[in-house]
Amino acid sequence: MACSLRVQGLSRQYQTRNGWRKSTTVQAACGVSFYIPAGKTLALIGSSGSGKSTVARCVVRLERPDSGEIWLGGVEISRLGARSLRPLRSRIQMIFQDPTTSMNPRMSASAIIEEPLLIQQRGTRNERRERAASLMVEVGLSADWLDRRINEFSGGQQQRIAIARALALSPKVLVLDEALSGLDLSTQVQIIQLLKNLQAAHSLTYLLISHDLGAVAHLTDLLAVMSAGRIVEQGPTKEIIVNPQQPQTQTLVAAAEHFKKAFARAQGASA
Amino acid sequence: MPASLLQLRNLSVRYFPRNGAPTLALDAANLSIVRGEIVGILGESGSGKTTLGQAVVTLLPTAAKYDGQVFFDGRDLMVATERELSKIRGRHISLVPQDPASALNPVMRIGTQIAEVLRAHEALDRKGRIQRIHELLAEVGLDDPERIGSSYPHQLSGGQRQRVVIAMAIACRPQLIIADEPVSKLDLPLQLQVLELMSGIARKHCMALLWITHDPATLLGFADRIGVMQAGQIVEQGPTEQIFRHPQHPYTQALVGLTQEFALSERPLVNAHHAN
Amino acid sequence: MKFLARRLVRALVLLVGVSILCFGLTEFAPGSFFDEMRLNPQISPETISALRTHYGLDRPLAIRYGRWAASVVHGDFGYSLAYNAPVAPLLWARAKNTLLLTSLAMLVTWVIGLPLGVWSASSRGGLTDKVAGSVSSFLISIPEVVIAIALLALAVRSRAIPVGGMVSLNAEDLVGWQRVRDVLLHLLLPVSILVLSGVAVVERHVRASVLEVLDAPCIQAARGFGIGKTRMLFRHVLPLAANPAISLFGFSLAGLLGGSLLVEVIAGWPGLGPLILDATLARDLYIVIGAVMLCSVFMLAGNFIADVLLLACDPRIRAGEPDAA
């Protein structure tokens, strides 16, 4: 049973201190609204500082938005307190950019994957272990590696474990905050294929955050471009790429296009 | 044929970690770069590309043993003393570090950090240094050099920090610049800007560039030659266009195929080639 | 300015809290000042209760606290039962001696420990590092009491330095430089004990923080730009490594008044230590409370100075950056 995600008018600001002087307010996100139908993918694209990470953190309720609504399936979660939020946490999970900092490198893979189950008190010890093993297999790793420490895996494998951890509670929505950047090209391809398979198998809804248009164009149905805390353009991926309206979008598309054109030139006639 | 500026001859590097087996990070690498040339090193993580860059600037970690020679302008760097090497680093060979955010000292102002590099290699008085700092900041495309110079790293954006690091690298007009993944953490439009900036600077001052990256797309239209690395070996070398048009080695073919299908196309991914 | 004002208010509130806690706790301590007197058959119970009334000890706790607070404002800090005099001048006379001892000891500790720590770190694994490491580990594992008694025994046996007291018996006859020399000789024993107990901690801490900075990417980048080793150490590494060292320095400052009590008692140095010990044993309430308050003031001042130093040295803290140490 898939779950949609709707964000309406999300706003969040931060105070930055300036030593002994007054503090300035930074509007990280302002009036952000989008809708992801159940089982579909939306990519939030923008340069660094555009506010995309802030939106991601608010959607997962790592932070509380100052105003706006977040509808997870039929439930509005932006105002809920910690206790009422707890049972809903299993519905939406996040995968972070750098697996070496989002997971304790000295913990074993099984400890990492079982941790959410432990916190939400699901299953017995053996059941948790079995679930961890099946998740390892599902993300393309061998269950024999369950007891290896995180720092013994390669970057791509670490990210797979992070995905397995996110899947442990059988969420309906996954938020991927720059989860693909920093990986090698071939690893990115493999992870994208994995994500596609998982989406089909479990009817997952994805919110992708990225600064790289080229990488996400393959995975996403919808595109929303952010700049300075606001969404400046959104729509189906194909339309945006083929016909970008706003200047920020045009810059992003042009950059991706540049490499494509250079490639075509290098290849000459053989394309 | 013009004399080569840098020549790696059968360079091998072995790591001896405290617990674990010794690993061969670099295996008999042969490479030469002439003055003013832009050479790209393409490889995935674990291919030895970072070790190659470190070896050229002779900043290998202490638990490493090397074999072979690194000739710079005719001198073998592997037998030079630390004193001589620290004179060469920054002045003749410069390294643009990987992550600009962590490459800058957080408690020193930008202007001071650039001045430190100048101080180490050039005998300028204070006024001369300030002037040079302003020139450098302007050259890397940062307006308002006064404000930037007196700022701390955390007050600048990621793109600005990257430009500052480049300014530090070119401060003494080195003949060779080695850059290890300098743009991989930046967004695409910014990557383009930095690439254009670097190639402009390299052409203007006739600097050679050794550009290490895992993203083949960034080398297009930028590098003159490319060396492809896999498991510590340089498996293929040649002019950029030739590598992309007629890749010989199966690994290169897989990489080029990936680039074509994945990074640049709008078609959905059907079969992913696995490069390793 | 707002920052300073806020800290000052917080400090005052804290001090009031400490005083209340002190009063409350001493109330629960068994015994009272007059217990010894009660044992003496020559003193009648009426005399004792008259004394109690005289000193106001039969009043309820709140009233006693109020009277004490009033005397604080006056500058008296209460009244000593044993010495029959206001507490403040008694405290201050002894506190001066303690401060002399501890500031000298702190200076020596840091003058030795800081450069040694930096040197150990920069010659990682080398001979200096190994030797300093062993000596530090050895010193850290010995309790301060043991060091104190060992040095005391050594001093007494060898008769090389005077033991006990601040000045020799013929102090009034000495003038000028000879007087200073006399005090310095008497300082030798307690200062040595304090330094030996403290220098290892400073050295290890400084070494650890410098080592961590040496591995930082920005230092590797500086090496790549050809910055010389010495200049890099002083101009690039130390400012970065200063942060944890300043915190430790703040701790040292905070303990200036309270950290040497044991040593003073053992070495016979006429500071706050013996005063507090005697007062506690005799249940001379107000001296104990006054001394505790004085130590708290120093503690707060020490922490405050450390915070100000940190703010001045680290621009990241000034800007409220989340990833500053």
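What follows is calculated from the coordinates using simple rules that are stated; it is not laboratory data. Nothing here was measured: the structure is a model prediction, and the numbers come from that model. Note: ideal-geometry Cβ built from the backbone for every residue, glycine included; neighbour counts use all protein chains shown.
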Roughly how many Å is it from the Cα centre of the stretch A:44-78 to that of the stretch C:14-50, as a whole number? 63 Å
Here the alpha-carbon Rg of the stretch C:86-208 over 2.2 N^0.38 Å rounds to 1.27
Report the charge-dipole magnitude of the protein assembly as shown in Debye, nearest 20, computed about the Cα centre from +1 at each Lys and Arg Cβ and -1 at each Asp and Glu Cβ. 680 debye
Calculate one ³J(HN,Hα) per residue across the stretch C:99-115 by plugging θ = phi - 60° into the Karplus curve 6.51 cos²θ - 1.76 cosθ + 1.60, and present them in order as whole Hz with x for glycine and proline. 4, 4, 4, 6, 5, 4, 4, 5, 4, 4, 4, 6, 5, 7, x, 5, x
What's the percent breakdown of Cα-Cα distances in the protein assembly as shown across 20 Å bins, shortest bin first? 12, 34, 31, 17, 5, 0, 0
Indicate the gyration tensor shape class of chain A (rounded, prolate or oblate), computed on the Cα atoms with a ≥ b ≥ c the square roots of the eigenvalues: a/c under 1.5 is rounded; otherwise a/b larger than b/c is prolate and the rest oblate. oblate
Positive-end residue, the protein assembly as shown charge dipole about Cα centroid, Cβ charges, pick of B:Leu124, C:Ala93, B:Ala29: C:Ala93
Would you mind classifying the stretch C:195-279 by shape? Square roots of the alpha carbon gyration tensor eigenvalues, ordered a ≥ b ≥ c; an a/c under 1.5 is rounded, otherwise it is prolate if a/b is larger than b/c and oblate if not. prolate
Starting from the amide H of B:Met229, placed 1.01 Å from N in the peptide plane, find each other amide H under 5 Å away whose residue is 5 or more places distant or on another chain. B:Leu42, B:Gly43, B:Val235
Alpha-carbon centroid distance for the pair the stretch A:168-195 / the stretch A:208-271, whole angstrom: 19 Å
Gyration tensor over alpha-carbon atoms, the stretch A:113-271, equivalent ellipsoid semi-axes in Å: 35, 19, 12
For A:His258, B:His246, what ranking results if the residue with the fewest other Cβ atoms within 10 Å of its Cβ goes first? B:His246, A:His258
Please rank A:Val175, C:Val156, B:Val34, fewest neighbouring Cβ atoms within 10 Å first, as an exposure proxy. C:Val156, B:Val34, A:Val175
If packing is taken as the average count of other Cβ atoms within 10 Å, what order do C:185-194, B:8-17 fall into, highest mean first? C:185-194, B:8-17
Give the distance, in whole Å, between the Cα centre of the stretch C:145-168 and the Cα centre of the stretch B:90-111. 54 Å
Would you please give the FRET efficiency between A:Ala133 and A:Asp66, computed as 1/(1 + (r/R0)^6) with r the Cβ-Cβ distance and R0 = 41 Å, to the nearest 0.05? 0.45
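If packing is taken as the average number of other Cβ atoms within 10 Å across a peptide's residues, how do B:224-236, B:126-138 rank, most packed first?
Packing order, densest peptide first, comes out as B:224-236, B:126-138.
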Could you give me D for the stretch C:7-63, from Stokes-Einstein at 25 °C and 0.890 mPa s, where the hydrodynamic radius is the Kirkwood radius over C-alpha pairs? Units µm² s⁻¹, please. 179 µm²/s
Between the residues C:Leu114, C:Ser137, C:Tyr55, the Cα farthest towards the positive end of the dipole of the stretch C:47-147, that dipole coming from +1 and -1 charges on the beta-carbon of Lys, Arg, Asp and Glu, is from C:Tyr55
Can you return the lysines within cross-link range of B:Lys65? Criterion is Cα-Cα under 27 Å, with same-chain partners fewer than 8 residues away left out. B:Lys49, B:Lys87, C:Lys130, C:Lys229
Calculated FRET efficiency, C:Val145 and B:Glu122, Cβ-Cβ r, R0 60 Å, to nearest 0.05? 0.55
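Return the FRET efficiency for the residue pair B:Ala21, C:Ser123: r is the Cβ-Cβ distance, R0 is 35 Å, and the value is rounded to the nearest 0.05. Display every interim value, and only then the final one.
Working: r = 29 Å, r/R0 = 0.84.
So, using R0 = 35 Å, E works out to roughly 0.75.
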Expressed in nm to one decimal, what extension gain is obtained for the pair C:Ile63 and C:Leu15 from 0.36 nm per residue of sequence separation less their Cα-Cα distance? 15.4 nm
When the Kirkwood radius is taken over all Cα pairs of chain C, what Stokes-Einstein diffusion coefficient follows at 4 °C and 1.567 mPa s, in µm²/s? 56 µm²/s
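Over 30 Å between Cα atoms: which of B:Lys185/C:Lys2; A:Lys52/B:Lys204; A:Lys196/A:Lys261 fall into that group?
B:Lys185/C:Lys2; A:Lys52/B:Lys204
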Which ³J(HN,Hα) values in Hz, rounded to whole numbers, follow from the phi angles of the stretch A:31-39 under the Karplus curve 6.51 cos²θ - 1.76 cosθ + 1.60, where θ = phi - 60° and Gly and Pro get x? x, 7, 9, 7, 9, 10, x, 4, x
